[in-house]
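Remarks on the structure that follows.
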Amino acid sequence: MKKNVQTDPYEIATHRTGRAWSALAIIIMMGVPAAICLYFGVYPPLKGFLMGLVGVVSIYLPVAIIEVLTYSPMVGSAGAYLMFVTGNLANMKVPCAVNAMDVAGVKPGSREGEIVATIAVATSSIVTDLIIVLGVVGLSFLHPVLENPVLAPAFNNVLPALFGALGVVWLRKYWKVAIIPSIIMIVVFIFLPVSLLGIMVAVAAVLSVISARILYKRGMI
């Protein structure tokens with residue numbers, strides 16, 4: 001059954017709580033460097049600050065908007081708020097949520113899928129925090145291991161390994177929908193500058209929707 005976001009008590013409570021905690025997270029993230037500057041009386045030069053801000057915003061603002069539009073329908077409202085506050089979307093939260101929904105046999109966008117995705121994102125956040133705490137505590141012991149040249153290639157390929165393993169499952173299940181966007185993205189990624197790769201998430205999503213629509217209209221899926 002299609003849910004009405006404007007009247008659903010769960011959605012209303014989720015958005016109210018999510019907005020409040022998101023605002024608090026932004027205040028804390030911006031407040032820490034501001035407090036350090038005030039305490040020590042050291043401030044970045046305005047010109048350098050604005051130049052750095054323009055460079056960062058020009059890259060990450062479009063990516064942030066694209067990620068909200070792309071990932072939010074996959075994990076639902078509660079999972080999206082938690083995911084965007086805790087970070088590590090592409091390499092941690094989204095793979096965990098998608099894999100959890102696949103294991104549970106629920107569809108993205110459904111109430112069941114939203115619940116499973118939220119639990120997966122929350123569990124991933126807790127595990128990530130625990131690993132970070134252990135890493136900070138044991139940094140002196142792990143430092144030689146992390147900088148070992150033998151293991152360096154493994155750390156550089158963590159993200160491709162995650163999406164490769166996850167992609168095989170979904171490509172095998174929905175290969176008709178995936179084949180056209182995959183071919184186009186492979187060709188584009190070969191020639192596209194690295195600085196523009198972030199916006200291709202939205203392009204790939206649009207291509208997938210168009211491809212699925214055409215195949216559905218022709219009765220191929």
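Tabulated data
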read-out: nm² value of the averaged projected area, convex hull over the Cα atoms of region 174-221; value: 3.2 nm²
read-out: Over region 108-221 - Rg/Rh using Cα atoms and the Kirkwood inverse-distance radius; value: 1.08
read-out: Estimated FRET transfer efficiency when R0 is 30 angstrom, pair Leu38-Val137 (beta carbons, to 0.05); value: 0.50
read-out: Only Lys, Arg (+1) and Asp, Glu (-1) charged, at Cβ; region 100-221 dipole about Cα centre in debye; value: 780 debye
read-out: Positive dipole terminus of the chain, leading residue within Ile131, Ala20, Gly219 (C-beta point charges); value: Gly219
read-out: Stretch gain in nm, segment Asp102-Ile27, where the contour uses 0.36 nm per residue and the Cα spacing is subtracted; value: 23.4 nm
read-out: Correct choice for Kirkwood radius over Cα pairs in Å that was computed from the model, options (i) 17.6; (ii) 20.5; (iii) 17.0; value: (ii)
read-out: Ranked packing of 209-217, 82-90, most packed first, by mean Cβ within 10 Å; value: 82-90, 209-217
read-out: In Hz, Karplus ³J(HN,Hα) per residue of region 103-119 (6.51, -1.76, 1.60; θ = phi - 60°; x = Gly, Pro); value: 5, 6, x, 10, 9, x, x, 7, 5, 5, x, 5, 5, 4, 5, 5, 4
read-out: Gap separating the Cα centres of region 32-69 and region 116-147, nearest whole Å; value: 26 Å
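All of the numbers you see were taken from the coordinates with simple rules; none came from a lab. Predicted model only: the values in this text are computed from it and were never measured. Note that we place each Cβ from the backbone using ideal geometry, even for glycine, and neighbour counts take in every protein chain shown.
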